[in-house]
Amino acid sequence: MRKSTLLKSLAAAAVAIGTSFSALAADPIKIGSVLSVTGPAAFLGDPELKTLQLYVESINKAGGVLGRQLQLVHYDDGSDAGKANGFAKRLIDDDKVDIIVGGTTTGSTMSMAPLVEKAEIPFISLAGAVVIVEPVKKWIFKTPHTDRMAAEKVFEDMKKRGLTKVALLSETSGFGASGKKETEGMAGKMGITLVANETYGPKDTDMTPQLTKIKNAAGVQAVFVFGLGQGPAVVNKNYKQLGITLPLYHAHGVASEEFIKLSGPAGEGVRLPAAALLVAEKLAANDPQKPVATGYRKAYNDRYKEDVSTFGGHAYDGLMIAVDAFKRAGGTEKAKVRDAIEATKGYIGTGGRVNMSPTDHMGLDLSAFRMLEIKNGDWALIN
Amino acid sequence: MKMISRHKPLLILAGVLLLLPLVLPNNFYYDIAIRMAINAIIVLGLNLLIGFAGQISLGHAGFVGIGAYASAILPTHFGWHPLLAMTAGAAVASVIAAIVARPIFRLKGHYLAMATLGLGIIIAIVIKNEATYTGGPDGMAVPALGIGGFTINGEKQWYWVLAGLLLFSFWASKNLIDSPFGRALRALHGSEVASQVMGVDIVRYKVAIFILSAFFASLMGSVTAHYIGFVTPNIADFFHSIELVTMVVVGGMASIYGSLIGAVLLTALPQALSTFEGWETVVFGSILIFCMIFMPRGLVPTLAERFGGRGEDK
Amino acid sequence: MALLEVENLSIAFGGVKAVQNVSFAVDPGIVYSVIGPNGAGKTTLFNLITGVYTPSEGEIRLDGQSIAGTAPHELALRGMARTFQNLQICMNMSALENVMVGAHLQLDRNLIKAMLRFPALARRDDQLRDEARGLMRFVGLDAYCNLGANSMPYGALKRLEIARALAAKPRILFLDEPAAGLNSKETAEIDELVQKVAESGITVVLVEHDMKMVMNISDRILVLDYGKKLTEGTAQEVRENPDVIAAYLGSTV
Ligand SMILES: Nc1ncnc2c1ncn2[C@@H]1O[C@H](COP(=O)(O)OP(=O)(O)OP(=O)(O)O)[C@@H](O)[C@H]1O
Ligand SMILES: [Mg+2]
């Protein structure tokens, strides 16, 4: 008897507390996300998800946004763009999220694009290609640098060194193919002549034939490699084996500690453009990106005991831009939030300084990239 | 009376499709229903090949990819009418199927599995590499499907289109199974030598059903592309092929209803499991293993047997 | 003219000369039996004639035209049908459907028409279903019409093979040990059935170990031993042939 009355009163109390809580707390702000947490693009999607979870948590602990908690609703598309499209529908129609931050790959992003445009919901993509924001789509923004910027940054550095006759070696993957196209376009604009234009497969383990051709190309002054993963490290080794001494550049896709390790001594002297995040500790004390980059790096390291990647950084930037926009819009009304994102000015993130505009839904300029060189087995900043 | 009993399954399916919208709360659920229907139609065709004719294809997503990319590329780059592009895609898929199948089926043994595996992979690679036309791994947008001034738009319209297509496919599959052609097909699965001496040109029948299943896969690839409005090489990849075969096997080989159930379950399952936070693949795999251990013949045939009556599809 | 002529027919599997230099002729309308000890090459001979195997040497003529190496389904078109010693029933189908497959060549086999269920095709199919029931009755299987083949007993399946072969409306029917594994009552029934088939005008080529049955219904008998033709003649002639008695009957009689 006594026991059951006790239970009853406990239950009643629990219900009372529950209802009063939900009455007190405003509805959460729903942040939707579709990421490639598994599948071939998992190396991108995994740190992105971890970053979003980490910061949604810490923002909520600090009181949320506009007095409301953030709620992250995320799905894994398994690196399948067709699934991303379905999950986007779920976020929009079923979960009724206020904004979408995600889309790990360009394919996923582009398959979600028509849906978000139709549903008129702000969408900040974490994928690389220029097509996402060119032509500008009203509701779609992105945080990562483009391959075009990487090519421009590399050519800028080459010109400073008086190198204008360049050999391009690109991977036949999506990243490399898009990079090749943008590099060819950028070469014309910047007065660079491509004296050789070779490709290799993503799984190739010997690039000696291509490098031999490049070595023998008439007048070649420098080599630019556009690839991801293992390939570029193999290039470094073959390069040294063939005794090529021309300046060697890589694209931003290999900007990680792993690349230095894979290349070993053959990596010495190699240059590439990268976000400041990679060299957070080496940035000048007065560098505006220093606090952001070191802060994110530390938080991520502490929580997950693994190195940060620029990809997680893109998610960080996406979330922060969204949060900032909610604050300035004073709520979650979608049109206002969209306008606020488009009006983002001077946001300093892990990727650089972001100045959005109606004609630029990425808002990064070349200053976002730092030129790095591998020196004594570590990154060194080139000015 | 006989008419009604003959058409009873068709009427039931029509009823379900008609009433379903009453319980679909929003577009997301429509979307799932549409994807279920698309998969069901592909699986109906694939089950004719695998379950009824006893031939395995591990590269059917390749044909889905051909249809999808025909519908993406031909209207975008060459200004073709989407319906013409869809037809061309299905024709190309059929021709490729014929070219591959003819020499393979002359050999004894399960060479088709290897050949289709290779074929699927090759198609996926070509799609990935021909970036000028296909957009490479990033994929490309697909124009809307307009028919004489009317454009199919939004989940609700697509739902009715797919409901119609599914009803037709279901009806046609049932007809086929219960026809001289279908009997020959099942007979060659039962005994090749017996069907041969009864006059069944087994190579011709295997090739024909392979082409038919490729044709439907390609058509549904086109429909998928138009419906989603975007297509990436994933649609043609090996995993998608395996997914389709799994639907056949889980639903039940040589079972028309099994095809529907397999497609419905395996389309819904990943959505239902998405809350498992990174464990969905494990749970998904466990469910499949469980099914295969306790119901090796697939859901529908096993359950049909357990709850009286001898299956269907006779 | 003989309906079927076989001339110097040979086939070898590796070292085994399963059929060697066999010649014989079958006149239309008769019951022609092939006998011989186990492994004599009887089934192989059937497989050669019905196109399942291609002979390494020799000639097979149907209506005077060479058919050696022709595919089985083409021979079916020319009026050949057969049953199998080791059952070749389609267990994934019903009994009735097995019989209907026998009529395959008499039907509209168009894929598109089948999918859209053209009325003419559907009507013919319904008609065929009735015909198949008739055949099931003819071989004494009325009780099994609506059953799956996989739920029928062995003896019934033996007859089902015959019904299926008859559905093809053959001119010449090859029966490979139709009574094998059956008890004496069942064997007598098969005996009767074969006679009925023969009376209907179909030429029957029979392989059978049951000597009583063979001697009873055969117009002519071919004796094989180790792939070779031992002798050929009427029941009487065969029974009295000393070689046959020595090589084959000798051990049992
Ligand atoms: N496909 C084959 N491959 C290899 N050897 C074979 C093949 N078919 C038959 N043989 C061999 O050929 C010989 C004749 O076999 P066959 O089956 O024709 O004999 P049979 O007269 O029908 O015997 P039974 O009365 O036992 O049925 C046997 O030695 C058998 O092992
Ligand atoms: Mg035999």
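Take chain B and mark each of the GluC sites (Glu not before Pro) that is in a DSSP loop with at most 14 other Cβ atoms within 10 Å; the longest unmarked stretch, sites excluded, is B:131-276.
Compared with the dominant Cα axis of chain A, that is its longest principal axis, helix A:106-119 is turned about 40°.
Accessible area per residue for the range A:185-275 is 41 Å², calculated with a 1.4 Å probe on protein heavy atoms, without ligands, DNA or RNA.
Only bridges with both residues in chain A count here: give the DSSP antiparallel percent, nearest 5.
Values: 14 of 45 bridges.
That works out to approximately 30 percent antiparallel.
The alpha carbon centroids of the range A:202-254 and the range C:1-40 are separated by 73 Å. Packing, as the average of other Cβ atoms within 10 Å across residues, places the peptides A:240-252, A:105-117 in the order A:105-117, A:240-252, highest first. Dipole of the protein assembly as shown computed with +1 at Lys/Arg Cβ and -1 at Asp/Glu Cβ about the Cα centre; of A:42, A:292, B:20, farthest Cα towards the positive end is A:292.
Cα centroids of the range B:116-146 and the range A:264-323: 35 Å apart. For chain A, the longest principal axis of the C-alpha atoms and the axis of helix A:310-329 are separated by about 50°. Positive end of the dipole of the range A:147-274 (Cβ unit charges, origin at the Cα centre): among A:264, A:169, A:188, the Cα lying farthest that way belongs to A:188. Overall, the range A:147-274 carries a charge dipole of about 340 debye about its Cα centre when +1 sits on the Cβ of Lys and Arg and -1 on the Cβ of Asp and Glu, all other atoms neutral. Pairs spanning more than 22 Å between alpha-carbon atoms, out of A:118/A:142; A:138/A:334; A:261/A:290; A:61/A:138: A:261/A:290; A:61/A:138. Helix A:289-304 and the longest principal axis of the C-alpha atoms of chain A enclose an angle of approximately 70°. Computed from the C-alpha gyration tensor, the three semi-axes of the ellipsoid equivalent to the protein assembly as shown are 70, 35, 23 Å, from longest to shortest.
Screening chain B for whole DSSP H helices with an alpha carbon extent of at least 30 angstrom along the helix axis and a mean Kyte-Doolittle hydropathy of at least 0.0 yields B:2-23, B:82-106, B:154-177, B:202-228. Counting lysine pairs in chain C that sit 8 or more residues apart in sequence, or on different chains, and whose Cα atoms lie under 15 Å apart gives 8. Straight-line cross-link reach from residue A:160 at under 16 Å between alpha-carbon atoms covers these aspartates and glutamates, not counting any fewer than eight positions away in the same chain: A:152, A:373.
Among the residues of A:94-106, the average count of other protein chain beta-carbon atoms within 10 Å of the residue beta-carbon is 2.
Mind checking the mean number of beta-carbon atoms from other chains within 10 Å of the Cβ atoms in C:32-44? Can you show the working numbers first?
On the way: counts 0, 0, 0, 0, 0, 0, 0, 0, 0, 0, 0, 0, 0.
Rounded to a whole number, the mean comes out at 0.
The label-point distance for residue A:26 and residue A:359, in a model that sets each label 7 Å from Cα toward Cβ, rounds to 3.6 nm.
Using the Kirkwood formula over every pair of different C-alpha atoms, what hydrodynamic radius in Å results for the range B:2-238? Don't jump to the answer; show the numbers that get you there.
On the way: mean 1/r = 0.0535 Å⁻¹.
Hydrodynamic radius (Kirkwood, Cα pairs) of the range B:2-238 is 18.7 Å.
The magnitude of the dipole of the range B:2-238, with charges of +1 and -1 set on the Cβ of Lys/Arg and Asp/Glu and taken from the Cα centre, is near 800 debye.
Only Cα sites of chain C enter the Debye sum here, all with the same form factor; the resulting log10 I(q)/I(0) across q = 0.10, 0.11, 0.16, 0.17 1/Å is -0.50, -0.61, -1.21, -1.33, listed in q order.
Peptide packing for C:16-24, C:28-36 was compared via the average number of neighbouring C-beta atoms within 10 Å per residue; ordered from the highest value, the list is C:28-36, C:16-24.
Placing +1 on each Lys and Arg Cβ and -1 on each Asp and Glu Cβ, with no other charges, gives the range B:225-314 a dipole about its Cα centre of roughly 340 debye.
Would you mind getting me the FRET efficiency between residue B:10 and residue A:61? Use the beta-carbon distance for r and R0 = 51 Å, nearest 0.05. Before the final figure, lay out the partial values.
Working: r = 58 Å, r/R0 = 1.14.
Here the calculated transfer efficiency is 0.30.
The count of lysine pairs in the range B:2-238 whose Cα atoms are under 19 Å apart, excluding pairs fewer than 8 places apart on the same chain, comes to 4.
Ranked highest first by the average count of other Cβ atoms within 10 Å around their residues, in what order do A:217-224, C:209-216 fall?
On the way: A:217-224: 18.4, C:209-216: 16.8.
With the highest mean Cβ count within 10 Å placed first, the list reads A:217-224, C:209-216.
Averaged over the residues of peptide B:264-273, the number of Cβ atoms from other protein chains lying within 10 Å of each residue's Cβ is 1.
The values are calculated or read from the model by the stated rules, or taken from the named source; none is laboratory data. What you are looking at is a predicted structure, and each value in this text was computed from that prediction instead of being measured. Note: ideal-geometry Cβ built from the backbone for every residue, glycine included; neighbour counts use all protein chains shown. The accessibility values were calculated without ligands, DNA or RNA, using every heavy atom of the protein model including side chains. Shrake-Rupley method; radii C 1.70, N 1.55, O 1.52, S 1.80 Å.
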